[in-house]
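Heads up: the structure comes next, in structure tokens.
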Amino acid sequence: MDTKRSRAAAFPGRSAAVRAIGLLCTVTAAGALLTGCGSERADETGSRGSAAPPRAVPASGNPRPSASLTADQAKRKALIPAAKVDYAKALRAAVAAVPASEPIAAELRGTPAKPYWETAVATADGTVSQVRVDAVSGKAAQPHASSDDADDKQQLADRLTKATVTAQEAAQTATDKTKGTVSAIELGNADNGSDAVAWSVDVVTTDDWNKTNYEIDATNRKVLRMHVDQD
């Protein structure tokens, strides 16, 4: 509601009283009344000679857009800059730690004080070894072989045979679409229910710390799916 209107509603007789005082001042000759009229008018209009000039009130302007981040975005913002070793170097370190192996996965984990890459490599028979690689020094820890059953090993061996696109090529395809930092990559089956082999690549954009996931065909580098995670 308008301020002047709200005040008039709160004090309905005020304007009439002011006009009555002004009329009385014009028809009476008594000095006391004239003095009173002058005082009343000064109260209503303000004394030009003695009143302090009004102070300028700074304009508030429009509020700035909120710069708050979600918990996941804040975690990415803290963790990714702390990693001095990227996914490619981490995978090379993991492959070097396991002879005759190929990279199949890498994910940046840990804390800003101690970031690391959790990587996985596999040999041609489908045997998987997990290798933790320090994301600051690039040093690989002792590999740990998984205990997958024979069927899982055979499925992975078949996947490795079909995959002609390397992890680096898949990551390049993703970052050509979205400029950012690769935070995870993994070889698996496509989500479309087919037998297609695909790389899943997470790319984090450092201007908003959103994560974009790409599913890239591991035989021809075609983008099968893209999803932006803004959480």
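The values are calculated or read from the model by the stated rules, or taken from the named source; none is laboratory data. Quick caveat: nothing in here was measured; it's all calculated off a predicted structure. In this analysis, Cβ positions are derived from the backbone assuming ideal geometry, glycine residues included, and neighbour counts consider all displayed protein chains. The accessibility values were calculated without ligands, DNA or RNA, using every heavy atom of the protein model including side chains. Shrake-Rupley method; radii C 1.70, N 1.55, O 1.52, S 1.80 Å.
For a straight C-alpha distance cut-off of 19 angstrom, the aspartates and glutamates reachable from LYS153 (same-chain residues fewer than eight places away being disregarded) are GLU102, ASP125, GLU186, ASP195. Solvent-accessible area of VAL136, all protein chains in place: 80 Å² (probe radius 1.4 Å, heavy atoms, ligands and nucleic acids excluded). Of the whole protein surface, LYS139 contributes about 150 Å² of accessible area at a 1.4 Å probe radius. Work out how much length ASP176 to ALA141 would gain on full extension: take 0.36 nm times their residue separation and subtract the Cα-Cα distance, in nm to one decimal. Contour length minus the Cα-Cα distance gives 9.4 nm.
Since only ALA71, ALA94, GLY110 are under comparison, the one whose Cα sits farthest along the positive direction of the charge dipole of segment 61-134, derived from C-beta charges on Lys, Arg, Asp and Glu, is ALA71.
For ALA96 and LYS75, the difference between the fully extended length at 0.36 nm per residue and the C-alpha to C-alpha distance is 4.6 nm.
Rolling a 1.4 Å probe over the protein heavy atoms gives segment 184-231 an accessible area of 50 Å² per residue. Sorting GLU215, GLU118, GLU102, GLU186 by accessible area puts them as GLU186, GLU102, GLU118, GLU215; the probe is 1.4 Å, largest comes first, and only protein heavy atoms count.
Express in Å², to the nearest 10, the accessible area of LYS114 obtained by rolling a 1.4 Å probe over the protein heavy atoms while all chains stay in place. Here the accessible area works out near 140 Å².
In this simple spin-label model, placing a label point 7 Å from the Cα along the Cα-to-Cβ direction at both SER194 and LYS84 gives a separation of 4.4 nm.
Here the gap between ASP148 and VAL228, fully extended at 0.36 nm per residue and compared with their Cα-Cα distance, gives a gain of 25.6 nm.
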